[in-house]
Each structure stands twice: as structure tokens, then as C-alpha cells.
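Okay, so here's the structure we're looking at.
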Amino acid sequence: MSKHTSPLRFSLHFLLLIAITFSKLFLYVDSRTYRGDIKVLKDLKNGLDPRSIAPGSCLSSWDFSVDPCDHLFSDRFTCGFRCDRVVFGSARVTEITLDSVGYSGSLASTTWNLPYLQTLDISDNSFSGSVPDSLSKLIRLQRLGLSRNSFSGEIPTSIGSLPRLEELCLDSNRFQGPIPSSFVKLINLQRLEIQQNNISGEFPYLGSLKNLNFIDASDNKISGEIQSSTLPKSLVELSIRTNHLQGNLPDNIGDIEFLQVLDLSHNMLSGPVSSVLFNHPSLQQLTLSYNNFTTLLQVPGDNININMGLTSKLIALDLSHNQLRGFLPAFMTTMPKLSALSLEYNEFTGMIPSQYALKVAAPGANTSPFERLLLGGNYLFGLIPGPLMGMKPGSANVSLVDNCLYMCPETFFFCRGGDQKSVVDCKSFGTVIP
């Protein structure tokens, strides 16, 4: 120390230097990305095929020579993630949403130790391989989107340990094996999309998931029966079309009071179509085509009454390509909102009720007309109802082809696209030919 410098002046200078240093340090720490989060982002990028990182894409801008969260939305880190949380002075990554440019690689290249991540969405890319169990570390994850990639193997049961998950989208991949029974632990799940995979086995019990309102498991290899207790009563939309389902419809469909869309087409379901579906308090779209259903309304203790269909909310009803027999049900014309009805390629017989023609050509007050009425491929006989005769092409989509009708010339647009059945075919079925 110089003999001309007083001890007090030195102490003040030293304290000021320390204060400035610490203030800069705290400011730096407060804006600095947590080291472990940076490692996950680095590993994620390094695990990709460099050739799939296109110029101008989010990942092409990730430059780890600077701090990620400090430079988010700059030319160094233009997009792909968010930092919305500061914990003990460190910024934490809360969202990873990659752009759809065809990134290819694996998710197994990193530990996924991101405890504050709420959204992981890498949909519409070319990721492949299995989904690692390490995703179970994402304990605050609310949305997992892996749709439209090339993931394979079984869906890991560890996904069932994500307690805050609300949306799970695994559709359009190459997953195989069963739907994990551990999904029943996803108590906050609202949306489940697993369509367009190779998933097999029976549909698991999900009846206790009180928040689940959307399930799409279409285009898989799911087999067996759907048990009554399997489905949650909170469902609004359910689609399990194009699978290998067998047996009868679940008998608790009526208890799913908020159900609006039900699509179980292209399966091997059989037995009756319950009258509950036609008086359901909220069902708007019902698609049961391409199954083996044989009867309508024939449920033990069920009687057709004059009010059948009057309270129905159905807008579109497709029962085509089944084995339904008997006369065309008149109650379907009393459904006030029904505008699209397909009963084609069944085994209905008898004459076409005049109510069907009137609902197309001259519907009553407060009643939606049939904009689509498909009755082809049955054994209907007799004359074409008068109200249809004056209709012009384009006024409605109506088809009466491939029946046993007496004269259905192509001058009528609803007779075009196919001939009527031969007399031999009609008589062999027991249809009366004039």
C-alpha cells in the first residue's frame, strides 16, 4: 500500500469493487439458463441427422456460444423453445415446440431432465426409434405431441407416470403392442390420439378418467369387445373405426351423456343397434357402417313408441354396409335435426315410406330436410314415392340404385349410378315383384 493512500479510502474502494462485481454476478445469474436445461437442448440438436436441419429452421439457429434463454427470439435462437420460469435465479425451459421441417433422429440422445417442461411437441417430422422411458422425468408435462413421425416399438408404460398430462398425441407413427394399462393413472388427461398405428390387443380400462373427453384410436388392430366399464362418462368424441372390434355395442352408451360423436365403423361388431342411440341427449354424429349389425331397436324390454326420435340430436347417421333387416324405420324421419342418413347396402325390404320422400322434398316446420339420403343396395320394392319425382339434380344427394323398385330409370338422378337388382335376386330374397 502506498504511504499516501489512507486505509479508509482503500476500504471504500475495495467495498465498491466487491459491490459492483456481485451486482454484475447476480444480474448474470438471474438471466442465465440453467446448465442442465442447456445440456438437454444441446443433446437434442446433436442427436439429429445434420442433413435434416434445414437452413432457416428453428434448430439451425441454435447457437450455444451464447446463452439460450438470454437470446431467445434473436438471430441466435429464433424459435423452438420457451423459457417462462425463473427458479433460484436460473431461467428454466418450459416448452419445446419444433417446426415441421423433417427433422430426423432419436429422442434417446438426451436425458430429458427438464422438470419444468410443460409442452413437448415435435409433430410432423421424421423422428424414429422407440420413445425412451426418460420422458417420465417430465413431471410437469401437460402436452406431449409426437404425431406424424416414424416412432416404433411399444408405447412405454412410463408415460402413465406423467401426472399432469392433459394431451397425449401419438398418432400416425408405427407403434405396436397394446395400449398401456398405465394410462388409467393419467388423471388429468383430456385428449388421447393414438390413431394410425399398429396397436393391438384389447382396449384398456379408462373408465375412471373423469376429464377425458376425446379418444381417437382409429386405424389400428385393436380387438376384442369394448366392455361397459371401459369408457369414461366424460367422453364427447370417441372414434375406434377400422379396427378388429367384436361383440355388441357397450350397453352404457346412454350413460355417456355428453357424447356428441361416435364412430365405430369398419369393425366386426354385431347384434342390435340399441334404441338408446336414437334418443341420446347429445349425440350428433353416429357412424356404425361396415359392421355386422342385424337389427334395430330389438333390445330386451325395449318397445318402439310414438315419441321415438323426436328428442334426438342426431345430425348425421350412417348404418350402411351391415346386415340390417326389416322395413325402413319410420321414426328416423321424425328426428328433427337429422339431415344425412345412409342405410345403403343392408337387407331392408318393403316400400319406401312416403315420410322419407317428404323429408327430402317438403320437410315440415322446425325439421331439417334430408340433404343426403342413401338407400341403395337393399331390397326395397314398389313405386318411387311421388314427392321425389319432381326433384332436380343437385337439390339433394339421394340414391335408390341396386334395389327391387318398379321402374327406376336414369332420367331420375337418384336412379343413376347402378341398375336395379334382377327379378331372380329379388325373389330369392322374398321381395314382392309386381
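For segment 99-109, the set of residues classified as part of a loop (DSSP other than H, G, I, E, B) and open to solvent by less than 10 Å² (accessible area, probe 1.4 Å) consists of Y103 only. Looking across segment 289-303, the residues that are part of a loop (DSSP other than H, G, I, E, B) and either within 24 Å of the chain's Cα centre (by Cα) or modelled with pLDDT of 95 or more (or both) come down to S289, Y290, N291. Is it the case that some residue within segment 196-207 is at pLDDT 95 or above and on the phi > 0 side of the Ramachandran plot? Yes; the residues of segment 196-207 include at least one that is at pLDDT 95 or above and on the phi > 0 side of the Ramachandran plot.
Listed by position, the strands (runs of 3 or more DSSP E) inside segment 191-232 whose residues that are of a type outside the set (D, E, K, R), in contact (Cβ under 8 Å) with a residue 12 or more places away in the chain and in contact with a His (Cβ under 6 Å, 6 or more places away or on another chain) number at least 1 are 221-224. On the stretch given as segment 273-288, residues that are in contact with a Lys or Arg (Cβ under 9 Å, 6 or more places away or on another chain) and assigned to a loop (DSSP other than H, G, I, E, B) total 5.
Among the residues of segment 233-272, those identified as under 16 Å from the mean Cα position of the chain (by Cα) and either at positive phi or outside any loop (DSSP other than H, G, I, E, B) (or both) are E237, L238, S239, T242, V261, L262, D263. Listed by first and then second residue, the pairs linking a residue in segment 62-74 that is part of a loop (DSSP other than H, G, I, E, B) to a residue that is charged (D, E, K, R), with Cβ atoms under 7 Å apart and 6 or more places separating them unless they lie on different chains, are W62/K45; D63/R76; F64/K42; V66/R76; D67/R32. Among the residues of segment 382-403, the one identified as at pLDDT 95 or above, open to solvent by 30 Å² or more (accessible area, probe 1.4 Å) and not acidic (D, E) is N397.
The values are calculated or read from the model by the stated rules, or taken from the named source; none is laboratory data. Note that this is a predicted model, so its numbers are computed, not measured. Note that each Cβ is placed from the backbone with ideal geometry, even for glycine, and that neighbours are counted across all protein chains shown. The accessibility values were calculated without ligands, DNA or RNA, using every heavy atom of the protein model including side chains. Shrake-Rupley method; radii C 1.70, N 1.55, O 1.52, S 1.80 Å.
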